[in-house]
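Here's the structure, in structure tokens; my notes come after.
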Amino acid sequence: MVFSRPLFAAGLLAAAASSASAFAPGGVSLNLRGAARPATSSNLGLRMAAAPTSGPEWKLKKKEILSEILAPLMESNKKWISAKKDQDPAFFDKLGSIHTPEIMWIGCVDSRVAANEVIGVEPGDVFVHRNIANTVMTQDFNLLSGLQYAVDVLEVEHIIVCGHSNCGGVAASTTPEGIASPLENWVAHIGDVYRSHQEELNAIEDTQERLGRLTVLNVVESCQTVYMLNLVQRRLAETASVNPYPTPRIHAMVYNVGTGELEKVNWVPDHMDDIYGMRVSQ
């Protein structure tokens, strides 16, 4: 039997798409090479059956396929290194000797939202944490550990929580049927955000507009959670009298994947005493 990279890759993509389909609004599966496409039995997993998954021939072909996939990535890495050295011969010497980012970025795992590129900064300038739908929860020790390191050790001056348009995690929180744990548990938090603003959100008839507003509210909720953490409050109090302004500053943003634009959002509610001056004028 003749094996081909496209045939094998199609099987892997089909398996991944079937497990991720719940995150695509409107009952569609995710096309991992581009836009969402309708889910049909003909494009999910049928090609995978054509390739054996064991035996010497399979092992040899798998090695060849992995080599084909990795080779262009390794070559691109060499070109990137060369380009960086052309711009600044000491770039990697400096990058390897110091780590002093001024910004912590809490964003979504979505591959379309690359923190450094979105805000136009270099490697080493942003300390990044990413999860599904840029969610901040007090029981997430992975995120809290990163925040503690960023605030107490790196002493970052800014924390950005950035959501984005067309977020699959936000969409999944409104239609959780068919999502298994642990994803089900994760997006349930965004469902709680929805319930907290149910009257406002239910009044929005257009589905995409409603999801867009939920994305904003989820970012706002996450910023408020960051602000209330003891480690952040302690740092704000410590820097209030010695810095030009208390740090870390907390910023809520939403990235439009269709235009590349960032929008700054006010996360400070009207009833909150804004003692550190973080409210954004609308």
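Rounded to the nearest 20 debye, what is the charge dipole size of region 76-154 about its Cα centre when +1 sits on each Lys and Arg Cβ and -1 on each Asp and Glu Cβ?
The dipole magnitude comes to about 320 debye.
So for L95, L66, what's the accessible-area order with a 1.4 Å probe, most first? Could the numbers behind the result be given before it?
Values: L95 65, L66 95 Å².
Ranked from most to least accessible, the order is L66, L95.
Give, in nm to one decimal, the length gained when the segment between E157 and D206 is fully stretched (0.36 nm per residue of separation minus the Cα-Cα distance). Before the final figure, lay out the partial values.
Working: separation 49, 0.36 × 49 = 17.64 nm, distance 3.81 nm.
Going from the current span to full extension adds 13.8 nm.
The values are calculated or read from the model by the stated rules, or taken from the named source; none is laboratory data. Just so it is clear, the structure is predicted and the values come from calculations on it, not from any experiment. Reconstructed Cβ throughout: ideal geometry from the backbone, glycine too, with neighbour counts over all protein chains shown. Note: accessible area is taken over every heavy atom of the protein model, side chains too, but ligands, DNA and RNA are not part of it. Shrake-Rupley method; radii C 1.70, N 1.55, O 1.52, S 1.80 Å.
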